[in-house]
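Each remark here refers to the structure printed beneath this line.
The values are calculated or read from the model by the stated rules, or taken from the named source; none is laboratory data. Note that the structure is a prediction, hence the values are computed from the model and not measured. Cβ sites come from the backbone with ideal geometry, for glycine too, and all protein chains shown count toward neighbours. Remember, those area values only see protein heavy atoms, side chains included, never the ligands or the DNA or RNA. Shrake-Rupley method; radii C 1.70, N 1.55, O 1.52, S 1.80 Å.
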Amino acid sequence: MSDGTQPTAGTPLQGRRLIVVGAGSRTGRAVATAASAAGAAVVLAGPDPRKLEWTAGELAGPSEVLAVDLADERSIAELAERAGRFDHLVSTAAMPANGPLRELELADVQRAFAAKVIGPLLLAKHLAGQASEQGSFTFFSGVAAWRPAPARTVMATTNGALAFLVQALAVEIAPVRVNAVSPGIVDTGSWDGLGADKAAFLRGVAERNPARRVGSPEDLVKAVFYAIDNPYVTGTVLHVDGGGRLA
């Protein structure tokens, strides 16, 4: 794949069917591309079919594009109907609602909860019965839940709620496993808006992190593969933050 991830022989994704929600984002694209290279048939899901088609064009193996809106239960039910049986689902979906508390718009807050909390809950509701017995759901939380900051209240809350949701779902839909990956500062392109200040920002993060680096999409892909591969891991949050939540 383009970011350097090289799947190993004998991967548990060989011959499996994987749904990637948020496959139009850079992180979702990295997961889908690595999974395809590892031998999985990939269902690419998200709100923007154009981005999904772009991802599909980068895959080595079979894929299917299905639109879904995590704020719309009917859309999620339609995804379940069209996707059919599958082995693993990964959702990288996020819709941040950042800004000072007094300036937050309710609609933005609701979209943030739809992406991180309500959407994952409804994905489990409608798709858990179609997962294989050894299947799994992997959602994306985030370091903001463990290191809240001003103007990041909604981000901290949604990510924290998701961390508890995976525990509850792991019990309710067992033996299907449910886990979360919690990224720290990862250079996925989301910081490109900083322009000329981006390099200094990432350098400062690396200097503070115990791992002395920022993350890459490859780091997140490895965590997702671990959550999928290990049959004794469920209800767990995998922190991929270089120790950032501790610094």
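Quick notes on this one:
- Some residue of segment 106-113 being within 18 Å of V31 (Cβ to Cβ), touching a residue at least 24 places away in the same chain (Cβ under 8 Å) and touching a Pro at 6+ places or on another chain (Cβ under 7 Å): no
- Answer residue from segment 52-77, given it is part of a helix (DSSP H, G or I) and within 20 Å of F139 (Cα to Cα) and is most open to solvent (accessible area, probe 1.4 Å) among those: E73
- Of all residues in segment 221-237, those satisfying the criterion of being in contact (Cβ under 8 Å) with a residue 24 or more places away in the chain, open to solvent by 30 Å² or more (accessible area, probe 1.4 Å) and either more than 13 Å from the chain's Cα centre (by Cα) or under 20 Å from L162 (Cα atoms) (or both) are F225, D229, P231, T234, T236, V237.
- Among the residues listed as G193, G242, G204, the single one being farther than 27 Å from D108 by Cα and at pLDDT below 95: G204
- Residues of segment 78-101 that turn out to be outside any loop (DSSP other than H, G, I, E, B) and open to solvent by less than 20 Å² (accessible area, probe 1.4 Å), as a count: 8
- Whether a residue is acidic (D, E) and touching a residue at least 24 places away in the same chain (Cβ under 8 Å) was assessed, and E218 passes this test.
- Enumeration of residues in segment 54-77 that are touching a residue at least 40 places away in the same chain (Cβ under 8 Å) and not aliphatic (A, V, I, L, M): E58, E73
- Within segment 192-213, considering residues that are open to solvent by 70 Å² or more (accessible area, probe 1.4 Å) and under 22 Å from the mean Cα position of the chain (by Cα), the one nearest to A223 (Cα to Cα): R213
- Residues in segment 60-97 that are within 21 Å of P148 (Cα to Cα) and in contact with a Lys or Arg (Cβ under 6 Å, 6 or more places away or on another chain): M95 only.
- Verdict on A115 being among the hydrophobic types (A, V, I, L, M, F, W, C), surrounded by 16 or more Cβ atoms within 10 Å (Cβ to Cβ), within 25 Å of T11 (Cα to Cα) and under 17 Å from the mean Cα position of the chain (by Cα): no
- Taking the criterion of being open to solvent by 10 Å² or more (accessible area, probe 1.4 Å) and either at pLDDT 70 or above or under 20 Å from F139 (Cβ atoms) (or both), the residues of segment 6-29 that qualify are T11, P12, Q14, G15, R16, R17, G22, G24, S25, R26, T27, R29.
- The one condition in (1) without any contact (Cβ under 8 Å) to a residue 60 or more places away in the chain; (2) out of contact with any helix residue (DSSP H, G or I) (no Cβ under 6 Å at 6 or more places or on another chain) that P96 fails to fulfil: (2)
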